[in-house]
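Input: a single structure, listed below in structure tokens.
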2 protein chains.
Amino acid sequence: MINQYMREKSQASSLIRAMFLEGKRLAAIHGAENVYDYSLGNPIVPPPPEVRKAIDDILDDMLPGDVHGYMNNSGYEDVREQLATYENRTKGTKLKGEHVVMTCGAAGAINVVLKTVLEPGDEVLTFAPYFAEYSNYCTNASGVLKVVAPDTETFQPNLKELAQAITERTKVLLINSPNNPSGVIYTEASIIGIAKILEEKQKLYGHSILLLSDEPYREIVYSDVKIPYCLNYYKNSMVIYSYSKSLSLPGERIGYITISPDIEEVEELTVCLSVANRLLGFVNAPSLFQRVAASIIGSSVEVDFYKRNRDELLEVMDELGIEYASPDGTFYLFIKSPTEDDLAFCNKAKEFNLLLVPGRAFGCPGYVRMSYSIPYKNVINSFDAIRKTVAAFR
Amino acid sequence: MINQYMREKSQASSLIRAMFLEGKRLAAIHGAENVYDYSLGNPIVPPPPEVRKAIDDILDDMLPGDVHGYMNNSGYEDVREQLATYENRTKGTKLKGEHVVMTCGAAGAINVVLKTVLEPGDEVLTFAPYFAEYSNYCTNASGVLKVVAPDTETFQPNLKELAQAITERTKVLLINSPNNPSGVIYTEASIIGIAKILEEKQKLYGHSILLLSDEPYREIVYSDVKIPYCLNYYKNSMVIYSYSKSLSLPGERIGYITISPDIEEVEELTVCLSVANRLLGFVNAPSLFQRVAASIIGSSVEVDFYKRNRDELLEVMDELGIEYASPDGTFYLFIKSPTEDDLAFCNKAKEFNLLLVPGRAFGCPGYVRMSYSIPYKNVINSFDAIRKTVAAFR
């Protein structure tokens, strides 16, 4: 009853499930407070109180058909207008409502875009370390993900490798900043460098290459470092946003795409994204939360919660002389494993009830991801386990 | 920037958009009350008041992380348990929570199932008249939709044609009851007949064939006619349900799959459906509305609104001697065009501000669909236009 592809995918994801269950098993034995589960990417800061108020106001003030009904597959026109205006004010873009497509989260958005632009066999490039799910999304659209080797000095995009990796079949460069798993924000210089290479390669191969930037962690940042907005640097670009992290609403599946008004075939493209939303079965982004997103535009969770955890962890890593990627955003810390075998390090950590994800899961072996979206007390209590794990490899 | 497939799909759906815009254009000229738009499938009865109360109660009583957070990709365990219990009580099944997978509406559900079971090139059969989107869903999963000719005497599944249409590549029979566009409920005799044929063909070809029943209109029925539940008739079956029509929540994208506990490889299959939900980018069904669905289980919109419209329309059709499929459910009436050319009939109707959808859009030329999810007054006012259109062909 099951096809070969899903049979394999199911086996691969049984490893993730196994880790999840291991956390539960350890918590049952040792008590949840004695298990240091840095393996999950689930935001634990509550949504800002504006979310609840927005829901109440919308349900009080609007007709049910305008809150729960069908609309254009790209989303409510007024919601898209409001988001366009917000982006224009905060990012200096010149978007109209038609350049915004509401989606079922960032995952839905990426699938909609890839379905629209990839011909079978087309290549999507991404920089390691990268979010493993990208590979599945490419497969869904009959494309192929190609991974550009990481620059483990800075964890910025490896431009030299990028220039070499682009081929005639390259259709999309998919980037993720602030980055999961590294926590690094791609600098303006990186984006300018990427734009320059893509411009050259477009000319060389005589077809367009889309720069697709996945930015669900845009609001989860700890310094006033500027996050460049790709639409301002490269004509053939789109940015994907999600409220999963910024409003702690991952279960609600709400996000959107912004499309450069200067992108090639802009009118046809916006129509195609709408059609793709429909025919992939998303149909439209969940309607109530479209309205919530628009009505509390610019709201965000309290990031100090995450920052405090990050600062504590950095202190321990510095004390232990462990190197790490510069974590200016997200709630991930990407440390260099004291042994080359990142899996061995994670397995050792488990002996101390410390759950980590090996970097090889992100195309970056020799590193380890720690998701510090966990209670502060757990972070503090985990230090002994971290020290013991590191000591085991010295 | 756009691939060939989406370019074609976009052109095809421009016809639907054109019809939608035509309705708006006519309304602007003649006034909305003088345009009789039977072309859309948008439920206009408001959701029952329990929906609002459930949202309030859930947000008052639960932690945000348990309402808006990530959960198992198949949905909240307690929600799935409650739906399983409900189905067992009302349908006589023996489901456990694991046999229920929450989805982004029925569209998400069909895509998740097809992604899981189809090998490239596998065939999905469906009976005409059928919902045109099925074809896109098959393509998404690298499958092929094959349409079984309609039985225009009864609009029941054409069993004779079915037996002939099944080949070695047939993997799924996708049915839809109560049916869009015919409004017909597939009888118990039809389901028994289908089960018998599928059993035989499974033996003949030595592989399983899935019976997948899409039932978003299950609650929109006008008589006490029994809607057979496929899980009780055929081992290798799943049923898809959506709250889009029963609670008038189409924008919220909430539905679920029930899986026969006796289906081949049941355990692996339920895991694969969960993984498919994730890797197709749905990730999970919208979380708040999962909880809403479970907390007002069994609630439904007031169907008398639709029934009154249906009864009025039947009277006019009888008066005019127009044949139609027996509309025991849904909010669609499928009439026989007085001319063989259903498109010509729809074009003529437009001259009288009457908007209809030609049956060829559902694989059933010579018929016309009327969606009577419109205000009662509009129905009454449309009679003159209906009479004039019919008269033009006599």
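Cα convex hull of chain B: mean projected area in nm², to one decimal? Intermediate values should be presented prior to the final figure.
On the way: hull surface 80.3 nm².
Value for chain B: 20.1 nm².
Relative to 2.2 N^0.38 Å, what does the C-alpha radius of gyration of the stretch A:267-324 come to as a ratio? Two decimals please. It would help to have the intermediate numbers written out before the result.
Numbers: Rg = 20.9 Å, N = 58, 2.2 N^0.38 = 10.3 Å.
The value comes to 2.03.
Quick check for me: using +1 on Lys/Arg Cβ and -1 on Asp/Glu Cβ, what's the dipole size of chain B about its Cα centre, in debye to the nearest 20?
Numbers: 39 positive and 50 negative charges, 176 e Å.
The calculation lands at about 840 debye.
Each other copy holds its own label point for residue A:28; taking that point as 7 Å from Cα along Cα to Cβ, the gaps run 6.4 nm, nearest first. The other copies place their residue B:192 label points at 7.8 nm from this one, listed shortest first, where each point is 7 Å from Cα along Cα→Cβ.
Efficiency by 1/(1 + (r/R0)^6): what FRET value for residue A:27 and residue A:70, r their Cβ-Cβ distance, R0 = 45 Å, to the nearest 0.05?
Details: r = 43 Å, r/R0 = 0.96.
Once the sixth-power term is evaluated, E becomes 0.55.
How far is helix B:4-30 tilted off the main Cα axis of chain B, in degrees rounded to 10, range 0 to 90? Approximately 50 degrees, to the nearest 10.
With both residues required to sit in the protein assembly as shown, DSSP beta bridges show an antiparallel share near 45%. Of A:171/A:226; A:24/A:53; B:94/B:196, which ones are farther than 30 Å apart at the Cα? Cα-Cα > 30 Å for A:24/A:53; rest within.
What the phi angles of the stretch B:288-305 give under the Karplus curve with 6.51, -1.76 and 1.60, with θ = phi - 60°, is a coupling list of 4, 6, 4, 5, 4, 4, 6, 7, 10, 3, x, 5, 7, 5, 6, 7, 4, 4 Hz, glycine and proline written as x.
What fraction of the Cα pairs in the stretch B:308-394, stated in percent, has a spacing above 16 angstrom?
Working: 1775 of 3741 pairs.
In whole percent, the long-distance tail amounts to 47.
Give me the inter-chain shielding for B:7-15: mean count of other chain Cβ atoms within 10 Å, whole number please.
Numbers: counts 5, 0, 7, 10, 3, 2, 7, 2, 0.
Taking the mean over all residues of the peptide, I get 4.
How would the stretch A:73-197 be classified by its alpha-carbon gyration tensor: rounded, prolate or oblate, with rounded meaning a/c under 1.5 and the a/b versus b/c comparison settling the rest? Oblate is the answer for the stretch A:73-197, as a/c is 1.5 or above yet b/c matches or exceeds a/b. Each semi-axis of the equivalent ellipsoid for the protein assembly as shown is √(5λ) with λ an eigenvalue of the Cα gyration tensor; in descending order they amount to 47, 29, 25 Å.
Whole-Å semi-axes of the stretch B:169-225's equivalent ellipsoid, largest first, each the root of 5 times a Cα gyration tensor eigenvalue?
On the way: eigenvalues 135, 29, 11 Å².
Largest first, the stretch B:169-225 gives 26, 12, 7 Å.
Modelled this way, with points 7 Å down the Cα-to-C-beta line, the labels at residue A:53 and residue B:53 are 2.8 nm from one another.
In the stretch A:160-201, the C-alpha radius of gyration followed by the widest Cα-Cα span (Dmax) gives 11.2, 31 angstrom. For the stretch B:82-129, the equivalent ellipsoid derived from the alpha-carbon gyration tensor has semi-axes of 26, 14, 11 Å in decreasing order.
With the cut-off at 18 Å, report for the stretch B:232-380 the share of all Cα pairs above it, as a whole percent. Don't jump to the answer; show the numbers that get you there.
Numbers: 7700 of 11026 pairs.
Tail fraction, whole percent: 70.
Chain A's nearest residue to the axis relating it to B, judged by Cβ and reported with the distance in whole Å, is A:286, 2. Charge dipole of the protein assembly as shown (Cα centre as origin; +1 on each Lys and Arg Cβ, -1 on each Asp and Glu Cβ, all else neutral): 820 debye, rounded to the nearest 20. Partner shielding of A:243-252 amounts to 5, given as the average count of beta-carbon atoms from other chains within 10 Å of each residue beta-carbon. Taking a quarter of the surface of the Cα convex hull of the stretch B:1-112 gives a mean projected area of 12.5 nm². Ascending distances from the residue A:262 label point to its copies in the other chains, with the point 7 Å along the Cα-to-beta-carbon line: 6.5 nm. As I understand it, the value is the acute angle between the Cα axis of helix A:50-61 and the longest principal axis of the Cα atoms of chain A; what does it come to in degrees, rounded to 10? So the helix axis and the longest Cα principal axis differ by about 30 degrees. Normalised size of the stretch B:200-283, defined as Cα radius of gyration per 2.2 N^0.38 Å with N residues, equals 1.27. Round to the nearest 10 and give me the degree value, 0 to 90, for the angle of helix A:77-91's Cα axis relative to the longest principal axis of chain A. Helix A:77-91 and the main axis of chain A meet at about 60 degrees.
So for chain B, averaging the separation of alpha carbon pairs under 8 Å that are six or more residues apart and normalising by length, what relative contact order in percent results?
Details: 739 pairs, mean separation 92.8, N = 394.
Relative contact order here is 24 percent.
If the chain linking residue B:351 and residue B:339 were pulled fully straight, counting 0.36 nm for each residue of separation and taking away their Cα-Cα distance, it would gain 2.7 nm. For the peptide B:322-329, the mean number of other protein chain Cβ atoms found within 10 angstrom of a residue's Cβ is 0.
In debye to the nearest 20, how big a dipole does the stretch A:152-241 give about its Cα centre with +1 on each Lys and Arg Cβ and -1 on each Asp and Glu Cβ? Walk me through the numbers on the way to the answer.
On the way: 9 positive and 10 negative charges, 69 e Å.
Magnitude of the dipole: close to 320 debye.
Readers should treat all values here as calculations from the given coordinates under stated rules, not as data from a laboratory. This is a predicted model, so every value here is computed, not measured. We place every Cβ from the backbone using ideal geometry, glycine too, and count neighbours over all the protein chains shown.
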